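J.: Below are the structure tokens for one structure; questions will follow.
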Amino acid sequence: MEKELDFIAERIEKYIEDTKKITATPGKGVTRLPFTLESKRCVHYLEKQMSQMGLDVIEDASGAVIGILKGKSPERIMIGSHYDSVEHGGAYDGMAGILCGIEIAAYYIRHGLEPPYTLEIAGLNDEEGDRFGGGYLSSKAFLGKWTTNDLKDYVDKNGISYYDAMILYGYSPEHLIRAERPRKGWKGYLEIHVEQGPIMEDQGTEIGIVETIVAIERYYITIIGKADHAGTQPMDTRSDAVMAAVDVITKLRQYVLEYKGMVGTVGEIHVYPNQINIVPEKITFSIDVRSADQAWLDACIHKISEEVKKKESEGFSCELKQTMSNSVTKMKPEWVKQLEKSAKKLGFSNMRLNSGAGHDAAIIGKEIDTAMLFVPSIGGRSHIPEEYSNEKDLAKAVLTAIHFIDHLQ
Ligand code: HGY
Ligand code: MN
Ligand code: MN
């Protein structure tokens, strides 16, 4: 098995070396945003790898690239993840799962074996949502969850919507809306992903088996006050939008810490007019709050909206715009058990854990049998240029997935 692991690890390493060069910010991490030159280059790269190994390759209306390997049964298992990234992100988030999928198909082909199910190796588009604020583009399209209005409502920092960006890049937004896949004929969806946190490394575990993916609520909060001279306007007659936001953000942190395991952050802040000697008139900031407990998450969001209402009573005008709301997604328990058996059979240490990160599996898993395999993130960090996972661990996930597919009832 060692030889097989080394062989697979070497191939994954080569792919990672190639794909990390497909970035809009060379030298400053991986930046591959949807409907950009980088995403097109990535699609071409994945298409080339998949067709060279003999898969039938299609690109769907969402920009997902899918390589099909016929199996004994026409029932399909999609094995995939996303090829887009955050800005200045890492080379493994998403991409590693696609490359493991390619290596799973390559294993069957290399050994002259027909997989028990027809495999769809999928590079999915815009899981992150970092350009338009939406996210899960391909996975939501798979379930037919997009409307024309959605695609027009989500806009990037230059005011370009999904809708227009798709047209610019030669995609048809109206086709995306009709890109829903029939539910029948699916055995399920399997996603391999780097853990992006410290748990597996701390435990020294090789294979992580996800039980649930946390619920996520994302909003943009806008508070509008009044611009004034920073020196002459007395403090008690100011409507300083940033000071108002500081109150809300301080409360956000306090409320999040009241619930065990809940996390929350303010990742994006835009101030207007953003000048050192002008009292800020307007601020828009993001909140991203997550919990494995839906009721807690709802309670926390309610408290935050009450804090925003208080600012309105102080004379500010405020807006809360929800950009993501995804409830907890449970992985298929029978698949969790089979993955455990497979990892154990192959002699890989393994553990069950929850995912604090969102994944395409969080969407697809709502309607199709779904499971996730994690590999350790070195240093327990992700969404940074230094993100790293060991290709040998990824190769172990490949062999675990193959054993799982071969023994799935
Ligand atoms: O935000 C997340 O959890 C994921 O990286 N989209
Ligand atoms: Mn990510
Ligand atoms: Mn990811």
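The values are calculated or read from the model by the stated rules, or taken from the named source; none is laboratory data. Since the model is a prediction, treat every value here as computed from it, not as a measurement. Every residue, glycine as well, gets a Cβ built from its backbone with ideal geometry; the counts of neighbours run over all protein chains shown. Surface areas here come from the heavy atoms of the whole protein model, side chains and all, with no ligands, DNA or RNA. Shrake-Rupley method; radii C 1.70, N 1.55, O 1.52, S 1.80 Å.
J.: When all C-alpha to C-alpha distances in the chain are sorted into bins of 20 Å, what percent of pairs does each bin hold, rounded to whole numbers?
T.: 26, 54, 17, 2
J.: Which percent, nearest 5, of DSSP beta bridges in the chain are antiparallel?
T.: The antiparallel fraction comes to roughly 65 percent.
J.: Counting only heavy atoms of the protein chains, get the accessible area per residue of the stretch 10-87 (1.4 Å probe) and round it to a whole Å² value.
T.: 43
J.: As a test of the formula, what do you get for the chain when each DSSP H run with n ≥ 4 contributes -39,500 (n - 2.57) and the sum is divided by the residue count, at 222 nm and rounded to the nearest 500 deg cm²/dmol?
T.: One gets -11500 deg cm²/dmol as the mean residue ellipticity at 222 nm.
J.: Return the carbon/sulfur percentage of the accessible area of the chain, one whole number, probe 1.4 Å, all protein chains in place.
T.: Whole-percent figure for carbon plus sulfur exposure: 52.
J.: Once all Cα-Cα distances of the stretch 222-292 are split into 10 Å bins that start at 0, what whole-number percent is in each one?
T.: Binned Cα distances yield the sequence 20, 42, 25, 12, 2.
J.: Report the charge-dipole magnitude of the stretch 306-409 in Debye, nearest 20, computed about the Cα centre from +1 at each Lys and Arg Cβ and -1 at each Asp and Glu Cβ.
T.: 460
J.: Something else: Over all distinct Cα pairs, what is the inverse of the mean 1/r for the stretch 307-370, reported as the Kirkwood hydrodynamic radius in Å?
T.: After inverting the pairwise mean of 1/r, the radius is 15.5 Å.
J.: Something else about it: List the residues, sorted by chain then number, that are 5 or more residues from residue 187 or on another chain and whose placed amide H is less than 5 Å from its amide H.
T.: 76, 77
J.: Mind ranking 296, 186 by accessible surface for me, highest first, 1.4 Å probe?
T.: 296, 186
J.: Also: Identify all lysines with a Cα-Cα distance to residue 260 below 20 Å; exclude those on the same chain that are fewer than 8 residues away in sequence.
T.: List returned: 251, 303, 330.
J.: Continuing with the same structure: When only the heavy atoms of the protein chains count and the probe is 1.4 Å, how do 293, 156, 56 rank by accessible area, highest first?
T.: The most accessible residue leads, giving 56, 293, 156.
J.: Leaving out ligands, DNA and RNA but keeping every protein chain, what accessible area does residue 313 have, in Å² rounded to the nearest 10, with a 1.4 Å probe?
T.: The accessible area comes out at roughly 100 Å².
J.: If you don't mind, another one. Applying a 10 Å radius around every beta-carbon, put 103-109, 252-258 in order of their mean neighbour count, most first.
T.: In descending order of packing, they fall as 103-109, 252-258.
J.: Which of the DSSP-defined H helices in the chain satisfy a minimum axial length of 20 Å, computed from C-alpha atoms, and a minimum mean Kyte-Doolittle hydropathy of -0.5?
T.: Answer set is 95-110, 241-257, 391-407.
J.: Continuing with the same structure: Could you pull out every residue, at least 5 positions away or on a different chain, whose amide H is within less than 5 Å of the one on residue 135? Hs are placed 1.01 Å off N in the peptide plane, and Pro or chain starts have none.
T.: Sorted by chain and number, the residues that satisfy this are 129.
J.: Going from most exposed to least, what order do 251, 3 have by accessible area with a 1.4 Å probe?
T.: 3, 251
J.: For the stretch 294-409, just list the percent of Cα-Cα distances falling in each 10 Å bin from zero outward, please.
T.: Values per bin, smallest distances first: 11, 29, 28, 17, 10, 5, 1.
J.: Report the net charge of residues surrounding residue 217, where surrounding means a beta-carbon distance below 11 angstrom and charges are Lys +1, Arg +1, Asp -1, Glu -1.
T.: For residues surrounding residue 217, the net value is 0.
J.: Further question: Taking the Cα centre of the stretch 199-267 as origin, sum charge times position over the Cβ atoms of Lys and Arg (+1) and Asp and Glu (-1), and report the length of that vector in debye to the nearest 20.
T.: Approximately 360 debye in magnitude.
J.: If you build the Cα gyration tensor of the stretch 1-59 and take the root of 5 times each eigenvalue, what three semi-axes come out, in whole angstrom, biggest first?
T.: Output for the stretch 1-59: semi-axes of 24, 18, 6 Å.
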